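Heads up, the thing below is written out as structure tokens.
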Amino acid sequence: MLRIFYIKSAVGLALVSIIILAALPVENLEADRNHTSKELAIGRNGLEETRSNTQLAKGVTYTEISRGYVSEQAEYKVETGFVDTRDAAKDLSAELKDSRYQAKIEKVHNLKRKYTDVKDKEIGYIVQIGTFNQEQEAEELAEQATAAGFEDTTVTYSEFDGSNKTTGPWQLNVIEIDPDQFEGEIASVLANDKIKDRETVSSIASRNEAIAGVNGGYFVESTNDGVPGDPAGGYMIDGRLASEAIGERTSLLLSNNEAEVAEISTHVSMETEDGSKAVIDGINRKPGLIRSCGGLGDEPAGKPMHDVTCTDSSEIIQFNKIFGDTTPVGEGYEMIVNEAGEVVETYSKRGHPIPEEGVVLSATGEQAVWLEQSVSNGDELILTEEVVKNGETMTDLSGLNIVGGGPQLVNNGSIDIQAEEEGFRWSKDFYYRFAETRHPRSLAGIKEDGNILLVTADGRNPDESLGLTFYESAQVLQSLGAVEGMNLDGGGSTTMVVEDELVNLPSDPAGERPVSDGIFLLE
């Protein structure tokens, strides 16, 4: 990996300022495409907002933002379930009343459908059985209801509901990079420099002596879903494809310190000496398990379904050295293909060393039978990798880094959330919980002048920071001046490190979560 070294200026590093923004009306913020550094357009109007700015390096500014305060109207709700229809809500309510619970039905409206491709007027219905000022009281009722057979009962904090125009609070961290001024390198870095692993952002930053960094895209966490650390979506390092895209999801492209937010799809294939062709289903992942779906032959669906693990019993997967030392062990057929495209070894099972140059083709099911019958040692194959950006095939991939994520949040200066298209609304319940509820978020944006924004918003912490919905995430990016913007992996993965210090509050009880990759500023 190329590094351009930069000697820090003591004067630059000492430049710190604190700003308290005046309360500004925010109702019409979506219409303003030229705003920069305006009051964040989240929560109620007139909330106090404090910002602290630090220059980290030439062309790099770090900003801490605090906004709002704990609402006096906040309460804890005991919810027994989310259902799609009013009839289902009435049935659940009747069961609860028969068990002597006081049930209340709340309709969940899609208030922001003007700004998203999810057009349902009503998302669904929540049935609740009580509200309390103290969390412990709510937990006690929830335990009773669960013991009575209502197993989906949960306790939720009222201010996590994205339809609530709350007072906060929020804690955000922002890194802004001016590509024309920054003399270092903006790079995507894998955990321990390979797919087959996970590592905290703090550790990756320390290992690479990074000025700062944030977590990157979605990834596999459990062995039930594939190989832990495998990016769930498109990923490319220095022009080399490390993971296939999910449908045409939004991704962050980095090249020569410039950034672009775009829809990315990948198409990988092979051709034998006799002209037979086959689709290569995936790159550097466990055959048969496809996190978030989106591929040919995936079950239950060949379209993106976020956080769902699809299956496919008949696949060809291509492995390169970025994955690790060996391919996953299992039944099937494998062959080693050298850099020139020549088949140099074949095996009747899966699980063999990956060459430094060249690839391993690992097949299962009918594709394993086809590969064994169609290709022999010494044959030459044509392996093709195609990356399509916004509908057009990219012709120059040299030096390109791609970080997957999604969905798109801001396009051409306007809020335009592509949640349906990118697989975040495969069920109403999932959409409500993931997109319309406040969570920690990591975001990437690009301003009109080309400056790059990397943002974290802490969440799931009533006393410190609530988190953001998809819509609020788009509002934040707009408020900071972004004309293009997207969602990265969030929740417990949301992490920002500045000068070897963890500057946000990760939401996992265990602390900072090991992730698959991150975006870093290297000296």
For the range 57-76, state whether one or more residues are outside any strand (DSSP E or B) and over 21 Å from P169 (Cβ atoms). yes
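Hey, does the range 431-443 have a residue that's assigned to a loop (DSSP other than H, G, I, E, B) and touching a Pro at 6+ places or on another chain (Cβ under 9 Å)? Walk me through how you get there before you give the answer.
First pass over the range 431-443, keeping only residues assigned to a loop (DSSP other than H, G, I, E, B): 436, 438, 440.
Adding the requirement that they be touching a Pro at 6+ places or on another chain (Cβ under 9 Å) leaves 440.
Yes, because at least one residue in the range 431-443 is assigned to a loop (DSSP other than H, G, I, E, B) and touching a Pro at 6+ places or on another chain (Cβ under 9 Å).
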Reported set for the range 461-519 where residues are among the charged types (D, E, K, R) and either open to solvent by 30 Å² or more (accessible area, probe 1.4 Å) or part of a loop (DSSP other than H, G, I, E, B) (or both) is D463, E464, E484, D489, E499, D500, E501, D508, E512, R513
Given the condition open to solvent by 30 Å² or more (accessible area, probe 1.4 Å), touching a Pro at 6+ places or on another chain (Cβ under 9 Å) and of a type in the set (S, T, N, Q), answer yes or no: does some residue in the range 215-223 qualify? yes
Applying the selection to the range 203-238, what residues are of a type in the set (G, A, S) and either within 22 Å of T309 (Cα to Cα) or modelled with pLDDT under 95 (or both)? G216, G217, S222, G226, G229, A232, G233, G234
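Sort out which residues of the range 62-88 are surrounded by 17 or more Cβ atoms within 10 Å (Cβ to Cβ) and under 30 Å from E176 (Cα atoms), and write them in order of number. Outline the logic, then answer.
Here is the first cut: in the range 62-88, the residues surrounded by 17 or more Cβ atoms within 10 Å (Cβ to Cβ) are 62-68, 71, 76-83.
Within the range 62-88, Y62, T63, E64, I65, S66, R67, G68 qualify.
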Among (1) over 26 Å from D193 (Cβ atoms); (2) open to solvent by less than 20 Å² (accessible area, probe 1.4 Å); (3) in contact with a Leu (Cβ under 8 Å, 6 or more places away or on another chain), Q318 falls short only on (1)
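How many of the residues in the range 276-294 are over 24 Å from D379 (Cβ atoms) and out of contact with any strand residue (DSSP E or B) (no Cβ under 7 Å at 6 or more places or on another chain)?
1
So which residues in the range 124-158 are under 26 Å from the mean Cα position of the chain (by Cα) and surrounded by fewer than 22 Cβ atoms within 10 Å (Cβ to Cβ)? Outline the logic, then answer.
At the first step, the residues of the range 124-158 found to be under 26 Å from the mean Cα position of the chain (by Cα) are 124, 154-158.
Matches in the range 124-158: T154, V155, T156, Y157, S158.
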Give me the pairs: first residue in the range 152-169 and under 18 Å from R67 (Cβ atoms) and assigned to a helix (DSSP H, G or I), second residue open to solvent by less than 30 Å² (accessible area, probe 1.4 Å) and among the basic types (K, R), beta-carbon distance under 7 Å, and six or more apart or on different chains, which are they? F160/R438
So for the range 444-453 (the condition being touching a Phe, Trp or Tyr at 6+ places or on another chain (Cβ under 7 Å) and not aromatic (F, W, Y)), does at least one residue qualify? no
Do we have any residue at all in the range 443-453 that's more than 22 Å from S255 (Cβ to Cβ) and either at pLDDT 95 or above or buried (at least 23 other Cβ atoms within 10 Å of the Cβ) (or both)? no
Answer residue from the range 354-385, given it is exposed (fewer than 14 other Cβ atoms within 10 Å of the Cβ) and not aliphatic (A, V, I, L, M) and is farthest from G324 (Cα to Cα) among those: Q373
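Considering only residues that are assigned to a helix (DSSP H, G or I) and among the polar types (S, T, N, Q), look in the range 130-145 and name the one that is farthest from Y76 (Cα to Cα). Before you say what the answer is, go through the steps one by one.
Initial filter on the range 130-145 (assigned to a helix (DSSP H, G or I)): 135-145.
So of that shortlist, the ones also among the polar types (S, T, N, Q) come out as 136, 144.
Working: Q136: 9, Q144: 16 Å.
Looking at the filtered set, the residue picked out is Q144.
The values are calculated or read from the model by the stated rules, or taken from the named source; none is laboratory data. Being a predicted model, the structure only gives us computed values, none of them experimental. In this analysis, Cβ positions are derived from the backbone assuming ideal geometry, glycine residues included, and neighbour counts consider all displayed protein chains. Only protein heavy atoms, including side chains, enter the accessible area calculation; ligands, DNA and RNA are left aside. Shrake-Rupley method; radii C 1.70, N 1.55, O 1.52, S 1.80 Å.
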